[in-house]
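To start, the structure under review is shown below, and the notes come after it.
The values are calculated or read from the model by the stated rules, or taken from the named source; none is laboratory data. Everything numeric here is computed off the predicted structure, so don't read it as measured data. Please note: Cβ atoms are built from the backbone with ideal geometry, for glycine as well, and neighbour counts cover all protein chains shown.
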There are 2 protein chains.
Amino acid sequence: MGEVGTSAPPVRRSRDVPLLVERARQGDPRAVARLITLVESGDEVLPQVAAALAPYTGRAQVVGLTGSPGVGKSTTTNELVRALRARGHRVGVLAVDPSSPFTGGAILGDRVRMQDHATDPGVYIRSMSSRGHLGGLSAATPAAVRVLEGAGCDVVLVETVGVGQAEVEVASLADTTLVLLAPGMGDAIQAVKAGILEIADIFVVNKADRDGADATVRDIQGMIALGERGPGQWRPQVVRAVAARGEGIDDVVAAIDKHRRWLDDHDELRRRREARAAAEVEAIALGVLRGRIGSLRDGTALPGLAARVADGTLDPYAAAEELLAGLG
Amino acid sequence: MGEVGTSAPPVRRSRDVPLLVERARQGDPRAVARLITLVESGDEVLPQVAAALAPYTGRAQVVGLTGSPGVGKSTTTNELVRALRARGHRVGVLAVDPSSPFTGGAILGDRVRMQDHATDPGVYIRSMSSRGHLGGLSAATPAAVRVLEGAGCDVVLVETVGVGQAEVEVASLADTTLVLLAPGMGDAIQAVKAGILEIADIFVVNKADRDGADATVRDIQGMIALGERGPGQWRPQVVRAVAARGEGIDDVVAAIDKHRRWLDDHDELRRRREARAAAEVEAIALGVLRGRIGSLRDGTALPGLAARVADGTLDPYAAAEELLAGLG
């Protein structure tokens, strides 16, 4: 149904949750929107939502897209949605903005282009930021994926901005990760620096009609050739595209399919999904512990120790030990 | 002394620590290198190093630099080092690469340009990645800053790649944070998306001789004008530079000085440093807790729960609760 709003009010009573999940299951976009808002804001009914959605876990193929600003992620996502819809898939899009811990909400500018799909009932599009979520996006993103799986999506695209660690972590939560590059942006070198060679299953050289596209493809292929890879390991694919004209998108989809078959053939899908679940569970647990640390001595323990560390009378390890002793 | 190597062997015996700290205090670059390696790798003698360095906490002015790939961070850092040296400051540079959790080490490509300062005994330059550090870069970066403070640096520049959350967190550890932009890279919009308006004390529009520089300056000034700011709050400065020709660097230094005076006048330096210390202590404590979670039932607890979450028979909140119960 296109963009699902971020302005939906939170659910106030936990007895509303079963009904909300049931409505999301039936494809009601407002129920989907509310559930993702709950997930994003870390509402207290979240464990109940998670329990209700658990049975739908793993129903969708999760495809991550990441890359530096300006490489054309939104355009590529838009075209991928079009191609997947043409095959009859129900598609969810999560545009994750891990860089926005401050503003309390993702900015939707880029999403305007996605309005191509605004009237399509087979598409859910949602921007997400970390907001108040206990486990941050490491926990919120898989939870949102589960909402979309519950709502019947066959494919969930998780788009992240940039190549920082947070983005890499989010992208690595996917079954298949696409890394987008564009000619002449120094991305090839940045890609190495960012360690994304290790997480990219498919490199998409977008804007491939521009000068320097051949060099970018060569750089990436050189990096892949140099990368250490055991027998039976996936060799990252390199695909050219001009997403703004829809060119090469079929090749991207074919590469995703090929990777999916490889995952199935190597029992790698299970391994990736268990790693994803482990990261999610750990993030939730650490979020709870962080909350406990923050509440020690009515919230005065950490600031008090920090003041002593800042003035040099206590070292941070000794301070951390005191905190941990306080946790009991 | 220029680039301090990353290849220094770790200290094996804790009785070496006092000697190492003493040698670093006297400006021995190899001792500085070893201590930063200890910090980065999370060596078990780290608490001892921290305790030995605590008295030197807060001696240097910490300046963060961040921005997207390609805006000229290394060149700007290089020119800032030159300008600060000309004033007689001892300068430390930490080039932090939070995006590299996989490769086990930062790539030094960019640093080649910094060899201008390779023979200068008043400059320490070091690339850092998170490696095995318990608290990640949130804990390793301030610890490395403390090493450089102990070694007598008056100014420490902390350079981070990109605009992701990890970089923003590292940059926000500084007393003064510079955000670098370049014309025509869509950075202005990305800056908003990344929430860096909230952390930038000074915007440097680099490559200001290029087309579009005026528009970039206008965009940023527009954003600043729209930003909410109470009375007595710092209004971010916008400075133009062409770092590759050394132009505008004096203006950048003047803006840093102005911000420092403002920090002093508003008791904001203490507040920022206490916040930095709190983040550091919390990160160390959470790192310890993460280690405990990972060791539960000889390391089988989390993977076992994750497998049940992945197959949909357990929800992640219930799994996290089991983990926390295991911690006792």
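Residues of the range B:279-288 that are at the interface with another protein chain (Cβ under 7 Å from one of its Cβ atoms) and surrounded by fewer than 22 Cβ atoms within 10 Å (Cβ to Cβ): B:V288 alone. Do we have any residue at all in the range B:201-219 that's in contact (Cβ under 8 Å) with a residue 60 or more places away in the chain, surrounded by 14 or more Cβ atoms within 10 Å (Cβ to Cβ) and β-branched (V, I, T)? Checking the range B:201-219: at least one residue is in contact (Cβ under 8 Å) with a residue 60 or more places away in the chain, surrounded by 14 or more Cβ atoms within 10 Å (Cβ to Cβ) and β-branched (V, I, T). Out of the range B:183-211, which residues are at pLDDT below 90 and of a type in the set (G, A, S)? B:G184, B:G186, B:A188, B:A191, B:A194, B:G195, B:A200 - these are the residues of the range B:183-211 that are at pLDDT below 90 and of a type in the set (G, A, S). Comparison of B:E282, B:E268, B:E247 shows that the only residue that is farther than 30 Å from A:E322 by Cβ and either free of Cβ contacts under 8 Å to residues at least 40 places away in the same chain or within 29 Å of the chain's Cα centre (by Cα) (or both) is B:E247.
In the range B:54-70, the residues that are more than 7 Å from chain A (Cβ to nearest Cβ) and surrounded by fewer than 24 Cβ atoms within 10 Å (Cβ to Cβ) form no Cβ pair under 7 Å with any partner that is among the hydroxyl-bearing types (S, T, Y) and not in a loop (DSSP other than H, G, I, E, B), whether six or more places apart or across chains.
Taken over the range A:34-72, the criterion of being of a type in the set (G, A, S) and either within 17 Å of the chain's Cα centre (by Cα) or at pLDDT below 90 (or both) is satisfied by A:S41, A:G42, A:G58, A:A60, A:G64, A:G67, A:S68, A:G70, A:G72. Only one entry of B:G312, B:G291 meets the criterion of being among the small types (G, A, S) and either more than 10 Å from chain A (Cβ to nearest Cβ) or part of a helix (DSSP H, G or I) (or both), and that entry is B:G291. I want to confirm something. Restricting to the range A:262-274 and keeping residues that are away from every other protein chain (no Cβ under 14 Å) and at pLDDT below 95, which single residue is nearest to A:R146 (Cα to Cα)? My answer is A:D264. A:V253 passes every criterion in (1) β-branched (V, I, T); (2) more than 14 Å from every other protein chain (Cβ to nearest Cβ); (3) touching a Pro at 6+ places or on another chain (Cβ under 7 Å) apart from (3).
The lone criterion from (1) assigned by TED's automatic domain parsing to the domain that holds B:P183; (2) under 30 Å from B:N78 (Cα atoms) left unmet by B:R271 is number (1).
If only residues of the range B:230-247 that are part of a loop (DSSP other than H, G, I, E, B) and surrounded by 21 or more Cβ atoms within 10 Å (Cβ to Cβ) are counted, the one that is farthest from the other protein chains (Cβ to nearest Cβ) is B:A241. Within the range B:36-60, the set of residues being charged (D, E, K, R) and either closer than 12 Å to B:P142 by Cα or touching a strand residue (DSSP E or B) at 6+ places or on another chain (Cβ under 9 Å) (or both) comprises B:E40 only.
Taking the stated definitions as given, is A:L323 part of a loop (DSSP other than H, G, I, E, B) and within 14 Å of chain B (Cβ to nearest Cβ)? For A:L323, the condition - part of a loop (DSSP other than H, G, I, E, B) and within 14 Å of chain B (Cβ to nearest Cβ) - is not met. So is A:A208 part of a helix (DSSP H, G or I), away from every other protein chain (no Cβ under 14 Å) and either closer than 27 Å to A:R59 by Cα or not aromatic (F, W, Y) (or both) or not? When the stated conditions are applied, A:A208 does not pass them.
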